[in-house]
Amino acid sequence: MNDEIDISVQISAQLERTNSLLERMLAEVAKTPSTHAIFVDAGYVYAAAGRLAVGTEDRRAFDLDAEGLIEAFIDKARTIFADSRLLRVYWYDGARRRIHTVEQQSIAELPDVKVRLGNLNANNQQKGVDSLIRTDLESLARHRAISDAALIGGDEDLVSAVEAAQGYGARVHLWGIEATDGRNQAEPLLWEVDSQRTFDLEFFKPYVSRRSAAASYETAGTPRPSREDVRFVGAQIAAKWLAARGRGALVDLLPGHPYLPGSVDQELLVEAEKLLAYSLRGQSDLRRALRDGFWGQLQTQY
């Protein structure tokens, strides 16, 4: 009889220890912030956005403001995953012998952005990008580094990457670009993801511009402004923006530093082009100088 009582006491003690351990684990999980990452198949973005905005998939025919577009994606993710923090943006593209182009180098220098390069064959087709996406998605999900993944792509080969991440508990959200006709994302990929979202022409208009047609602000005799000139204009616009909206709007803007909400960034671009009488579309170095000037002026106010 005493032996039975001792065993019962031991079992009760073990259950209490187990419950205590589970409670501590749940408390730790509750304190751990959710984390999301954005995975961008640049080949898909160039092709789909180019066709939507300027009617061609040929990269040589248009400029893509990758920095501005990445900031727009980050801003959109901040809205969708409101209680989550950004790990980083992964930008997957192709390059011959996997050597960065000048544009890819500028993207790689952006904060919170990691550029991954597959190979580019003789027909300008990307090779190895899908496997890079799968490796990163699976690894981050396996190590619990992300709870949500925003995947911007359309290839059916990405299905295995989605399945791998989901297998470790991550949720995968497919973001797409409006198609001019039919679909530009594989149906098996649409079936597999946890949610879907499509961006329309209005979303991409500020970031895609045709090279062959001169922008309305440019003329043959208009010299290209210096970075300092553009930075000064950014500071001017920031001063006007703050005077019109007040410090309350500044407080709302600060948590997103160094990124600007899409609406503010677009307003900044349009106003700067008017003041400079020069188009900044597709010129990432000048766009960066503009944002630097804008933020620099705001930072003097807090």
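Here's a check for you: in the range 259-302, which residue that is of a type in the set (Val, Ile, Thr) and assigned to a helix (DSSP H, G or I) is farthest from Ala238 (Cα to Cα)?
Here is the first cut: in the range 259-302, the ones of a type in the set (Val, Ile, Thr) are 264, 270, 300.
Next cut, assigned to a helix (DSSP H, G or I) only: 264, 270.
Details: Val264: 10, Val270: 13 Å.
My answer is Val270.
Exactly one of (1) part of a helix (DSSP H, G or I); (2) open to solvent by 30 Å² or more (accessible area, probe 1.4 Å); (3) within 13 Å of Asp41 (Cα to Cα) is unmet by Thr79. Its number?
With respect to (1) part of a helix (DSSP H, G or I); (2) open to solvent by 30 Å² or more (accessible area, probe 1.4 Å); (3) within 13 Å of Asp41 (Cα to Cα), Thr79 is out only on (3).
If Thr32 passes every condition in (1) of a type in the set (S, T, N, Q); (2) modelled with pLDDT under 75; (3) touching a helix residue (DSSP H, G or I) at 6+ places or on another chain (Cβ under 8 Å) but one, which one does it miss?
(3)
Return the residues of the range 269-280 that are out of contact with any Pro (no Cβ under 8 Å at 6 or more places or on another chain), at negative phi and either in contact (Cβ under 8 Å) with a residue 60 or more places away in the chain or buried (at least 19 other Cβ atoms within 10 Å of the Cβ) (or both); say none if nothing qualifies.
Looking only at the range 269-280, we keep the residues that are out of contact with any Pro (no Cβ under 8 Å at 6 or more places or on another chain), and these are 270-275, 277, 279-280.
Retained after the next criterion (residues that are at negative phi): 270-275, 279-280.
Those that are out of contact with any Pro (no Cβ under 8 Å at 6 or more places or on another chain), at negative phi and either in contact (Cβ under 8 Å) with a residue 60 or more places away in the chain or buried (at least 19 other Cβ atoms within 10 Å of the Cβ) (or both): Ala272, Glu273, Ser279, Leu280.
If we keep just the residues of the range 249-258 that are under 22 Å from the mean Cα position of the chain (by Cα) and not in a loop (DSSP other than H, G, I, E, B), which is farthest from Thr79 (Cα to Cα)? Don't jump to the end; show me each part of the working.
Start the filter on the range 249-258 by keeping residues that are under 22 Å from the mean Cα position of the chain (by Cα), which leaves 252-258.
In the following step, the residues that additionally are not in a loop (DSSP other than H, G, I, E, B) were identified as 252-256.
Working: Asp252: 13, Leu253: 13, Leu254: 15, Pro255: 13, Gly256: 11 Å.
The selected residue is Leu254.
Checking the conditions here, which among Ala150, Ala186 is farther than 19 Å from Ala82 by Cα and surrounded by 14 or more Cβ atoms within 10 Å (Cβ to Cβ)? Steps first, please.
Working: Ala150 fails: farther than 19 Å from Ala82 by Cα.
From the options Ala150, Ala186, the qualifying one is Ala186.
What single numbered condition from (1) touching a residue at least 12 places away in the same chain (Cβ under 8 Å); (2) open to solvent by less than 60 Å² (accessible area, probe 1.4 Å) fails to hold for Arg85?
(2)
In this structure, does Gly169 turn out to be among the small types (Gly, Ala, Ser) and part of a strand (DSSP E or B)? Even if it seems obvious, please write down each step before you answer.
Numbers: among the small types (Gly, Ala, Ser): yes; part of a strand (DSSP E or B): no.
So Gly169 does not fit the description; no.
Go through the range 240-278 and give me each residue that's of a type outside the set (D, E, K, R), modelled with pLDDT of 80 or more and touching a Phe, Trp or Tyr at 6+ places or on another chain (Cβ under 7 Å).
Residues satisfying the conditions are Leu268, Ala277, Tyr278.
So the check is Cβ under 7 Å with 6+ separation or different chains; which pairs have a first residue in the range 43-61 that's within 15 Å of Asp93 (Cα to Cα) and a second one that's among the aliphatic types (A, V, I, L, M) and at pLDDT below 85?
Gly43/Val129
Matching residues to (1) among the hydrophobic types (A, V, I, L, M, F, W, C); (2) more than 25 Å from Arg144 (Cα to Cα); (3) open to solvent by 70 Å² or more (accessible area, probe 1.4 Å); (4) touching a residue at least 40 places away in the same chain (Cβ under 8 Å):
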| site | (1), (2), (3), (4) |
| --- | --- |
| Gly68 | no, yes, no, yes |
| Tyr90 | no, no, no, yes |
| Arg98 | no, yes, yes, no |
| Asn119 | no, yes, no, no |
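Could you please find all residues in the range 100-117 being over 22 Å from Leu137 (Cβ atoms) and either small (Gly, Ala, Ser) or open to solvent by less than 40 Å² (accessible area, probe 1.4 Å) (or both)?
Ser106
Taking the condition within 19 Å of the chain's Cα centre (by Cα), buried (at least 16 other Cβ atoms within 10 Å of the Cβ) and among the aliphatic types (A, V, I, L, M), does Leu286 pass?
Details: within 19 Å of the chain's Cα centre (by Cα): no; buried (at least 16 other Cβ atoms within 10 Å of the Cβ): yes; among the aliphatic types (A, V, I, L, M): yes.
Against the criterion (within 19 Å of the chain's Cα centre (by Cα), buried (at least 16 other Cβ atoms within 10 Å of the Cβ) and among the aliphatic types (A, V, I, L, M)), Leu286 does not qualify.
Of the residues that make up the range 164-174, is at least one farther than 20 Å from Leu86 by Cβ, open to solvent by less than 30 Å² (accessible area, probe 1.4 Å) and either of a type outside the set (Gly, Ala, Ser) or in contact (Cβ under 8 Å) with a residue 60 or more places away in the chain (or both)?
The initial filter retains those residues of the range 164-174 that are farther than 20 Å from Leu86 by Cβ, namely 164, 166-167.
Subset that is open to solvent by less than 30 Å² (accessible area, probe 1.4 Å): 164.
Next cut, either of a type outside the set (Gly, Ala, Ser) or in contact (Cβ under 8 Å) with a residue 60 or more places away in the chain (or both) only: none.
No: zero hits.
Consider the range 189-239. How many of its residues are open to solvent by 40 Å² or more (accessible area, probe 1.4 Å), part of a strand (DSSP E or B) and at pLDDT 85 or above?
4
The values are calculated or read from the model by the stated rules, or taken from the named source; none is laboratory data. Here the structure is a predicted model, which means the values were calculated and not measured. Methodologically, a virtual Cβ is constructed for each residue, glycine included, from the backbone with ideal geometry; neighbour enumeration extends over all protein chains shown. The accessibility values were calculated without ligands, DNA or RNA, using every heavy atom of the protein model including side chains. Shrake-Rupley method; radii C 1.70, N 1.55, O 1.52, S 1.80 Å.
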